[in-house]
Each structure stands twice: as structure tokens, then as C-alpha cells.
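Report on the structure given below.
Only the coordinates and a few stated rules stand behind these numbers; no lab work does. As the structure is a computational prediction, the values presented were derived from the model and not from experiment. Cβ sites come from the backbone with ideal geometry, for glycine too, and all protein chains shown count toward neighbours.
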Amino acid sequence: MPVLARLKNEFSFIKGNILINSVTLAIILVTSAIPYTYYPKYIEGLGGTPFIVGIIGFAAYATLALVQIPGGYLADKHGRRRLTVIMTFTISTTYFLFAIAPNWQFFLIVTILQNLFMIYQPALQALVADSTPPEKRGLGFSIINLLHYISVPSPIIAGILVVQFGLIQGMQIAYLIVTVAFIVVAILRIRFKETLKKTMETNPIRDLIRNIPKAYNKSIKALIKSSKPMLFLFTSFAIYHFAWYMCYPYLILYATGVMNISDFDWATLMAWFSVVNVLSAIPCGKIVDRFGRKKPLTIAWFLFIPGLVGFVYGNVIIISASLLLLGVALILANIAYQALMTDFVARKKRGKIIGSTNFFFNILSAVGQLSGGFIYDYVSPGFPFIFSAILFIPCLFLTFFKVHDPDSREI
């Protein structure tokens, strides 16, 4: 088969919902990565400290956790499309408010508001999972993960804005760019097709308020009743969320504050990190589809350990190598988890399972950020990274001994 024909056949599933999601996600990620490059320093510029960065992160993920189960309930009862479109429009307003934030306290309040609007997250994830053929899940999720790191020029753009206009004004311009991007994305997402065959016609807000306790109960019960390999997979990823978010927000503060790397050099390193993820995404997806999900996930947990230790004790060259290891580890882990979770969980339960797992993942991410900020400020700047590296050891053993690829995959 000619190369072009083979490529066309390989990627023939990228149409409809998958194509719309890919385009809109690319727009969001390329633009939102611009302000995120210097986000911790922006908080410092608004009067915050590394621990305040942790408090804001804790508030963000704790709020995000609270809306996951209600979001999963709405996704399974009222459909995926409507919730996704409405909330995407609403989120655009929060980026405008970030741009005009006078202090970190205002930024914190808007952050909580923004994460309440992220109630659509399980709906979007379920819509994408529903729309991806079982035999293409590794490749499909690798494309989504590739998009998360397609923002190669974004750190450089952020660096130029900060150098040209200063930290505060440069970040304000960056947040205004994201505001416009979200409005465009919301308009494009109107073209999504609903993937749930039967949806309730009652008012979703009234239904949710009446059934919030039931939604939490059903979602957590659905997770508890999952297969043992799914529960062990969930446990390893729960540890991962705590460990990674204990150190990830503080990479820039450690690099520029302890290693004395300049702001623009950090932007260059982040661009390199994006390049690593873009180049490894498709090969990693093919590996997950060809060799199963378990082996790549086990390798990913191993790669995190030298990546984090090297970041703490290395020079610029070793930090570049550490970012290479971390980039490949993140891609492999996320692709393998998404494919394996979709393999394990039936379509009618995906909204609930995604909602309940996201609930716990975001709680642990919140606690991880808060713990990391406290340890960074009051114990040692390097200790969050070392402790995180240690926590990946149980992830590795849990996956190796307790997680298995299913004999048959859910559609």
C-alpha cells in the first residue's frame, strides 16, 4: 500500500467529533500555554509567594474535583454536547478577569469560578472516548496528548511579551489572547454531534440539584464496582496526580530562583519540552496500540524517577535531558491510562467513572500543590521533586504486578 494511502487509512478516524475536538483543543492549548509559562511569577508579581501559588493550585483542583461527579452525572443523563458548548463560552470570561486582576486574592476568586465552569470536563472526555474506535484508542489518545504539547512557540511568545512589555503587562496581553481563543473555540464546538443515544429532556440544572447526592453515590459506586485491574490502575494514577502536582508548578521557580536560569532561557527549555512531547506522541500511541497498555505505563513510571532527580541536581544540559525523560513519561502514562480506562469501562458508565476518578485525581492534585508549595517555602526547594520521585516507585510496582490488559475491549 502506498505511503499516502496507508497514512490516510491510519488516520481515517479523525473526522466529526474527533476532528472538531482536535482543532479546538489545539487552539486552547497553544494560546493558554502563553500565560502559563510565567504563571507562578505572575502570582508573585501580584503580591504572592510560592506557598500562595500552592494555595491557588489547591483551590483550583479542589473546586475542579467538586464538579467532576456532577459533571459526569449530567454527561450520562443529559448528553455531552450541550454542557460542553455552554461552559466553553462561559470560561472565556474568566481569562479576561485574569488579565485585569489587581492582586493575587482576586486571581484566586476567579480561579475558583473558572474551575466551577469546568463541570463540562467529563462530558467532553466521554464524547471523545465514545467517538474513538477501540482499535485506534492508543493512536487517538496520543493525538490528544500531542495537542497538549503542540504549543512549541508559546513559551517563546510568552518570553517576548515579558521582555517587551514587562511581566505584568505582558501577562495581561497573554490572558486577553486566551479570552479571544475561547470564544472562537466555543463557536466551533457548536458543531459537535451528541454521542449519547438517549438523553433526559428535563431541566438539567433542576435535575442536578435534586440528584446531587445520588450522583455522588452512583459515581463512586460505579468506580468501586469496577474490575480489580481498573481499581489498581486508578490507584497508581491517584498517586501520580499527587506526586506530579507536588512539583510541577514549581519547576520554573526552582530553575530561575535556585539554578539561576534566566527567564528567557526557561522559555527556551519549555519550548524544548513541548518539542519532546510533540515528537514522541504519535510513536507512543502506536506503541500502546501494538504492545498493549501495561508495558508502556510501567516504563513511564520508571522514567519519572531519573527525570525528577536530574532536574534537582543537574545543570542546563542535564535539565534538558530530564525534561526529555519527563516529557516521554507524561505522554506514555497519559495515553496508556486513557486507552486502558476506555477498554475497561462500558460506554453507559464512562461519564460516571470519568467523573469519579477525576474527583479523586483533582483532590490529590490540590493537596499535592499545597504540600509542594509549603515544602518548597518552609522546608527545602528541592525536596518536593525528590519526594515525588520516590512516590513513583509504588506506581511502578502496582502497575507491574496488579494491572493487566483486558482480554476484550469495551466499545
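Rank S274, I205, T235 by how far each Cα sits towards the positive end of the charge dipole of region 178-337 (+1 on Lys, Arg Cβ; -1 on Asp, Glu Cβ) and give me just the farthest.
It is I205.
Taking other Cβ within 10 Å of each residue's Cβ, how do M118, M259, M171 sort, fewest first?
Result, fewest neighbours first: M259, M118, M171.
Can you pull the one-decimal nm distance between simple spin-label points at R82 and V180, each 7 Å off the Cα toward Cβ?
With each label placed 7 Å out from Cα toward Cβ, I get 3.3 nm.
According to the Kirkwood expression over distinct Cα-Cα pairs, how big is the hydrodynamic radius of region 229-268, in Å?
Kirkwood hydrodynamic radius for region 229-268: 11.9 Å.
Per the Kirkwood definition applied to all pairs of different Cα atoms, how many angstroms is the hydrodynamic radius of region 9-402?
21.2 Å
Sorted from largest down, give the three principal axis spans of the alpha carbons of region 293-356, whole angstrom values.
Projected onto its principal axes, the Cα set of region 293-356 covers 50, 22, 13 Å.
Output wanted: per-residue J couplings in Hz (rounded whole) for region 312-323, from phi through Karplus 6.51 cos²θ - 1.76 cosθ + 1.60, θ = phi - 60°, x for Gly and Pro.
My calculation for region 312-323 gives 6, 9, x, 9, 4, 5, 5, 4, 4, 5, 5, 5 Hz in order.
What are the equivalent ellipsoid semi-axes of region 154-194, built from the alpha-carbon gyration tensor (square roots of five times its eigenvalues), in whole angstrom, biggest first?
30, 9, 5
I need the per residue convex hull volume for region 16-126, using only the alpha carbons, in cubic angstrom as a whole number.
In region 16-126, the Cα hull volume divided by residue count equals 92 Å³.
Nothing charged except the Cβ atoms of Lys and Arg (+1) and of Asp and Glu (-1): what's the magnitude of the dipole of the chain about its Cα centre? Round to the nearest 20 debye.
Roughly 1900 debye for the chain.
Which order do Y378, Y120, Y216 fall in if you start with the one that has the fewest other Cβ atoms within 10 Å?
Lowest to highest Cβ neighbour count: Y378, Y216, Y120.
If you bin the C-alpha pair distances of region 321-411 every 5 Å from 0, what whole percents do you get?
Distribution as computed: 3, 10, 13, 21, 21, 15, 9, 5, 2, 1 percent.
What ³J(HN,Hα) values, in whole Hz, does the Karplus curve 6.51 cos²θ - 1.76 cosθ + 1.60 give for region 210-218 when θ = phi - 60°, with x put for Gly and Pro?
Working through the residues one at a time gives 5, 10, 4, x, 5, 4, 4, 4, 5 Hz.
Quick one: of K136/K349; K15/K352; K193/K294, which pairs are farther than 22 Å apart, Cα to Cα?
Table pairs above 22 Å Cα-Cα are K15/K352; K193/K294.
In cubic angstrom, how much convex hull volume per residue do the alpha carbon atoms of region 176-300 span?
That works out to 243 Å³ per residue.
If packing is taken as the mean number of other Cβ atoms within 10 Å per residue, what is the order of 309-321, 284-296, highest first?
284-296, 309-321
Looking at F98, I20, G45, which one has the Cα that reaches farthest to the positive end of the dipole of the chain (charges on Cβ: Lys, Arg +1; Asp, Glu -1)?
Farthest along the dipole direction, towards plus: I20.
For a quick protection proxy, order the peptides 154-161, 44-51 by their average other-Cβ count within 10 Å, most packed first.
Highest-to-lowest ranking by the protection proxy: 154-161, 44-51.
When the Karplus curve 6.51 cos²θ - 1.76 cosθ + 1.60 is applied with θ = phi - 60°, which whole-Hz ³J(HN,Hα) does each residue of region 103-116 get, with x for Gly and Pro?
Residue by residue, region 103-116 yields 7, 5, 5, 5, 4, 4, 4, 5, 4, 4, 4, 4, 6, 5 Hz.
Need the full-extension length gain, I224 to V316, defined as separation in residues times 0.36 nm minus the C-alpha distance. One decimal, nm.
Contour length minus Cα-Cα distance gives 28.6 nm.
Highest mean first, how do 52-58, 343-349 rank when packing is the count of other Cβ atoms within 10 Å averaged over residues?
With the highest mean Cβ count within 10 Å placed first, the list reads 52-58, 343-349.
When we measure straight from the Cα of K228, which aspartates and glutamates land under 20 angstrom away, once same-chain ones fewer than 8 places off are left out?
Partners within reach: D343, D405, D407, E410.
Would you be so kind as to identify which of A65, L326, Y216 lies farthest towards the positive end of the dipole of the chain, taking Lys and Arg as +1 and Asp and Glu as -1 on Cβ and the Cα centre as origin?
Checking the options against the dipole of the chain, the answer is Y216.
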